[in-house]
Every structure is written in structure tokens, then in C-alpha cells.
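Each reported figure results from applying straightforward, stated rules to the coordinates on display, with no laboratory input. Because the structure is predicted, anything quoted here is derived from the model rather than measured. Every residue, glycine among them, receives a Cβ derived from its backbone with ideal geometry; neighbour counts consider all protein chains shown.
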């Protein structure tokens, strides 16, 4: 169990899925992860909660250029400055300075390889209040065929430093302390990069679950699908799933 109330600049802080049929998505994830869904008055955005604490968002997709997918937000101090820094490093700005009052301000960018990421300047919502437990977000992973180019971009924008970890690369933010003392990677790890040429560059999100096999089977019952697995990647048993709209995500069960 891990709870957080704040996220320093440069740390991924929030995940959300944008969907054309938000109500179908709310029903799917509430049934899959046991989330309590709290919708805004306008019903355009809902916050998913565990134990009355925020874990993720489900919003309406209004931009036809964006796919129904899960998106990762990275905390920044000043949104406008962060957008300029990203542009100077080669990013494309898809949406700048979206007001999400009273929660904060948002910008949507794609990195030089095309992976879409959000920049988040917090007001009253710092980010996910529960992480690293069943039903909660655990980590976001960049999947790209050109890891070296990606590392150069994210290092210049967020100050992330790379460390090889088997076939993957850990992305570390010096000075940040997250996770738990018993975790198998350093506590300043904020994300991971995975070499993958099977599809377009993308940011994926991973949720912890109590039982990977049972969760994968439940996703199919709810109208979703299993893209890959379940499979073992010690110390986890994982699977890649998709909801009924095709938005993909991974799940992981921590095993002793």
C-alpha cells in the first residue's frame, strides 16, 4: 500500500483514459478494479477512487485526432514554461493550456517519436493519491523502437537519467523518493522505457491486481480482451488487456 499527497516536478502523477462512451468505460473499470466512480457536475469527467482516495480519471474524448487510450500526466511547476521546453527539445504540442479548474492546467504533447504525454500543473489535484496496490496505477512505460532518442528528449525536458535494467531502461529522477523501501528498483525511478518496434511509440500504463489470471478473465466477461498473456516476468505475473473501446493497459500481480 502506498499513498501520496504531492508530486515534484518531473514525476508522473496521474493517469486517465479518454473515451467516446465514458459511461461504458466507467462501468468496465468499476467492475474490473472495484473503483468508485465520482463524476463531475457536467458529467464530462469522472474520478475513480479507492478507499475514498483518487486513483485515475475517465474523461470524454472530444478530439478526433486522439485515440481512445490511457494517457500519463507528468507534474510540472509552470505549464507554459514546460511546454516551451518540450517544444525546444523537439516535441509537438497537440493541445496547450487546457483549463481543468479547480484541479489544474493541462497540455498534451507528443515526443519526437510520436508518443503522446500530458503535462500537468496542479492546483487542487496533485495526482493519484493511492498507487502500488491492487486496483491502483503502479508505473507508466514508454514503448519505442528508438530508446536512445527518447532518453535524450526526456532527459532534457524532465531531467530523467537512464539506467539499464535487463532489456528495459529505468528512468530515474535524482532526489525523488517514491515507492517503498522493499521494492526491487531504486526509489527515484519514475518510469521505464522498453524497446518495442511492434507498434507506434506510446506510453502504456500498468495497474497492480491481486490475481492476474482472474482479472484477465473478468476483463473478457466485461467486453474487453486479452492482448497478451498472462505471463510471468519475476517478481510479477502480468497481462496486457484492452477495454471494450480498445484502450490497452497492462496489469501486474506482485508475487513472492
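Going by a ≥ b ≥ c, the root eigenvalues of the Cα gyration tensor, does the range 170-210 fall in the rounded group (a/c under 1.5), the prolate group (a/b larger than b/c) or the oblate group? Working shown, then result.
Values: a/c = 2.80, a/b = 1.58, b/c = 1.78.
Judged from the Cα gyration tensor, the range 170-210 comes out oblate (a/c at least 1.5, b/c at or above a/b).
Quick check: the distance between the Cα centres of the range 6-25 and the range 238-256, to the nearest angstrom?
Spelled out, the Cα-based centre of one part sits 16 Å from the other.
For the chain, what does the helix formula give at 222 nm: sum of -39500 (n - 2.57) over DSSP H segments with n ≥ 4, over the residue count, nearest 500 deg cm²/dmol? Mind dumping the intermediate values first?
Values: 4 runs with 44 residues, N = 256.
Value at 222 nm, helices only: -5000 deg cm²/dmol.
Using a Gaussian network model on the chain with a 10 Å cutoff between Cα atoms, which of 156, 225, 238 fluctuates the most?
156
Based on other C-beta atoms within 10 Å, arrange 13, 118 from fewest to most.
On the way: 13 26, 118 22.
Fewest-to-most ranking of 13, 118: 118, 13.
Antiparallel DSSP bridges in the range 1-80: what percent, to the nearest 5? Working shown, then result.
Values: 16 of 20 bridges.
Taking every DSSP beta bridge with both residues in the range 1-80, the antiparallel ones total about 80 percent.
Could you work out how far the C-alpha centroid of the range 119-139 sits from that of the range 158-215, in angstrom?
So the two Cα centres are separated by 15 Å.
Rounded, prolate or oblate: which fits the range 206-252, taking a ≥ b ≥ c as square roots of the Cα gyration tensor eigenvalues, rounded meaning a/c under 1.5, else prolate when a/b beats b/c?
On the way: a/c = 2.10, a/b = 1.70, b/c = 1.23.
Prolate, since a/c reaches 1.5 and a/b exceeds b/c.
For the chain, set up a GNM with springs between Cα atoms under 10 Å and report which of 184, 200, 230 has the largest fluctuation.
Ranking 184, 200, 230 by mean-square fluctuation puts 184 first.
For 41, 123, what's the fewest-to-most ordering of other Cβ within 10 Å of each Cβ?
Numbers: 41 6, 123 13.
In order of increasing Cβ crowding within 10 Å: 41, 123.
Grab the beta carbon distance between residue 81 and residue 6, set R0 = 22 Å, and tell me the FRET efficiency rounded to 0.05. List each step's numbers first, then the result.
Working: r = 19 Å, r/R0 = 0.88.
It comes out at approximately 0.70.
For the range 101-230, just say rounded, prolate or oblate: build the C-alpha gyration tensor, square-root its eigenvalues into a ≥ b ≥ c, call rounded for a/c under 1.5, and beyond that prolate if a/b exceeds b/c, oblate if not. Spell out each step's value before the answer.
Working: a/c = 1.35, a/b = 1.20, b/c = 1.13.
The shape class here is rounded.
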